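Encoded as structure tokens, the structure appears first; notes follow it.
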Amino acid sequence: MVSVLIEQRIVVKFHFKLGKTATETYNLLKEVYGSECLSRARVFEWFKHFKDGRQDVEDDSRPGRPSTSKTDENVEKVASLIRYDRRLSIRAIAETVNIDKECVRQILHDNLNMQKVCAKNSHV
């Protein structure tokens, strides 16, 4: 299934090829998609891309750190560390497995269905 953003970019490309203006296209997108509509700036940006000869409506790959830290191997490493000692901090796990703390948090929450629990001593 095509995402709403890609669908709208296809519409922008279609309107560009028909010779419509970016403003006309934006107004029609607002009418059809309402609150899920691309911003006016994005419509104009995509019009410029198509004017410059771009054919693809998909996002360009961006530089930066690849999202390869959340692998099955790392999930298993985190799971085994937690099975060994449930009191380990996210920072300690991240340093042991050598991945980002946020990635460890996501693995614990999303993959292992764990959540943070406050362990305070209650004086009854």
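The values are calculated or read from the model by the stated rules, or taken from the named source; none is laboratory data. Just so it is clear, the structure is predicted and the values come from calculations on it, not from any experiment. Backbone-built Cβ (ideal geometry, glycine too); neighbour counts: all protein chains shown. Just the protein is used for accessible areas: all its heavy atoms, side chains included, with ligands, DNA and RNA removed. Shrake-Rupley method; radii C 1.70, N 1.55, O 1.52, S 1.80 Å.
Scan the range 8-42 for residues that are aromatic (Phe, Trp, Tyr) and under 16 Å from Arg54 (Cβ atoms) and report the count. First the steps, then the outcome.
First, the residues of the range 8-42 that are aromatic (Phe, Trp, Tyr): 14, 16, 26, 33.
Among the residues that remain, those that are also under 16 Å from Arg54 (Cβ atoms) are: 14, 16.
Counting residues in the range 8-42 that are aromatic (Phe, Trp, Tyr) and under 16 Å from Arg54 (Cβ atoms) gives 2.
Within the range 80-91, residues that are more than 16 Å from Asn113 (Cβ to Cβ) have Cβ atoms under 9 Å from residues that are at pLDDT below 90 and surrounded by fewer than 10 Cβ atoms within 10 Å (Cβ to Cβ) in these pairs: Arg87/Ala119, counting only partners at least 6 apart in sequence or on another chain. The single residue among Val2, Val43 that is at pLDDT 90 or above and not polar (S, T, N, Q) turns out to be Val43. Among the conditions (1) open to solvent by less than 100 Å² (accessible area, probe 1.4 Å); (2) in contact with a helix residue (DSSP H, G or I) (Cβ under 6 Å, 6 or more places away or on another chain); (3) at pLDDT 90 or above, the only one that Lys20 does not satisfy is (2).
The single residue among Lys70, Lys51, Lys30 that is over 17 Å from Ile6 (Cα atoms) and modelled with pLDDT of 90 or more turns out to be Lys51.
Taking the criterion of being surrounded by fewer than 15 Cβ atoms within 10 Å (Cβ to Cβ) and in contact (Cβ under 8 Å) with a residue 12 or more places away in the chain, the residues of the range 6-16 that qualify are Ile6, Ile10. Scanning the range 87-102 for residues that are hydroxyl-bearing (Ser, Thr, Tyr) and not in a loop (DSSP other than H, G, I, E, B) yields a single hit, Thr96.
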